[in-house]
1. Please report, as a whole percent, how much of the solvent-accessible surface of the chain comes from carbon and sulfur atoms (probe radius 1.4 Å).
2. With θ set to phi - 60°, apply the Karplus curve 6.51 cos²θ - 1.76 cosθ + 1.60 along the range 123-131 and write out the HN-Hα couplings as whole Hz, x wherever there is a Gly or Pro.
3. Among Ser242, Ser43, Ser215, which one moves the most in a GNM of the chain with springs linking Cα atoms closer than 10 Å?
4. Using a Gaussian network model of the chain with C-alpha springs under 10 Å, which one of Asp231, Asp156, Asp80 is most mobile by mean-square fluctuation?
5. Under a 1.4 Å probe, what is the accessible area of the chain per residue, stated in Å²?
6. Along the range 196-202, what does the Karplus equation 6.51 cos²θ - 1.76 cosθ + 1.60 (θ = phi - 60°) give for ³J(HN,Hα), rounded to whole Hz, x for Gly and Pro?
7. Kindly state, to the nearest 0.05, the FRET efficiency for Asn25 paired with Leu98, given R0 = 41 Å and r defined as their beta-carbon distance.
8. Can you list the equivalent-ellipsoid semi-axes of the chain, largest first and in whole Å, using the square root of 5 times each Cα gyration tensor eigenvalue?
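The values are calculated or read from the model by the stated rules, or taken from the named source; none is laboratory data. Since we're looking at a predicted model, the values are computed, not measured. Please note: Cβ atoms are built from the backbone with ideal geometry, for glycine as well, and neighbour counts cover all protein chains shown. To get the accessible areas, we keep the full protein, side chains included, count just its heavy atoms, and leave off ligands, DNA and RNA. Shrake-Rupley method; radii C 1.70, N 1.55, O 1.52, S 1.80 Å.
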Amino acid sequence: MRTIPKDKVIFSFNRKNPHAYFVENGETFWVEVDDCYSGQISSEKVLRPQIDISIMDCSVGPIGVAGAQSGDVLCVEVLDIQFAPQGVMVTSPKLGILGDRITEPDTKIIPIKDSFALFSPDISLPLTPMIGVMGVAPREGDIHCAIPGDHGSNMDTTIITTGSRVYLPVAVPGAGLAVGDLHACMGDGELSGTGIETAGKICVKTTVIKQGFTSRPMVETADSIYTIASDGSFNAAVRAASEDAVNFLMRKKALDFPDAYRLLSAACDIQISQLVNDAVTVRVRAPKKNLGIESIL
Ligand code: CA
Ligand code: ZN
């Protein structure tokens, strides 16, 4: 199995970015990634205001997937996530929901050992591995890797983890997949503005689906289907994720809009992915068993 090294990265998603790597349709491969600071924070002496934030969340790729065409959907199945032996969490004035209470920036290095993040002598957090940035080339624009959108990117969504299938709408031949921003732990919302930011590698399988069933990211896990939407306005993000969920229910269960809308309210949950990026990210969870749905397709 091949490993894609982390030396070719993008700083923004753009349909004009040439592919740096190529994989086959259906190929399984590893991708090495730096942490979201490109390793700039190597010790507790390095503070967030001192680093170059223009390169934050830079992502390995673009990876061209053979056979992907505009209008297809790319399925990225996450098979494994492995971490470097330490992660980092910064605080900094204005960072996160309560950043106004931070007066001095501060960096904490957090060792990672035996499936735990060793936060302090008496707090060992079980790892909750997740991929912060996963996206494809957008239909238009030059979108910095820190900003999530319909093309995916910095969605900071806890369910993008081992065992999940992430579905992304393809806008260019080859799709232009790029990934980065691993978190050893993160809670929904990413409230202080960062997860436990950790370098590492991820194992994924990329499959092209010749059926343009979504124009925004969706995720399937063992028990749920999720629609994901990002927007500068929280309400607009909720609306977009709800629209996608209703459309999915109408298609999958052959329902008219009123019944799909009822089911959205009776059986599905709105959940927050992150509230701290330039656009917020939310998701609607549709439980497969309760709705009698076997799979996304
Ligand atoms: Ca992130
Ligand atoms: Zn991150």
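1. Accessible surface attributable to carbon and sulfur in the chain totals 52 percent.
2. Along the range 123-131, the couplings run 10, 10, 8, x, 5, 10, x, 7, 9 Hz.
3. Comparing Ser242, Ser43, Ser215 in a Gaussian network model of the chain, the most mobile one is Ser43.
4. Comparing Asp231, Asp156, Asp80 in the GNM, the peak value goes to Asp80.
5. Here the residues of the chain average 44 Å² of exposed surface.
6. 7, 7, 9, 6, x, 8, 10
7. It comes out at approximately 0.35.
8. 30, 23, 18
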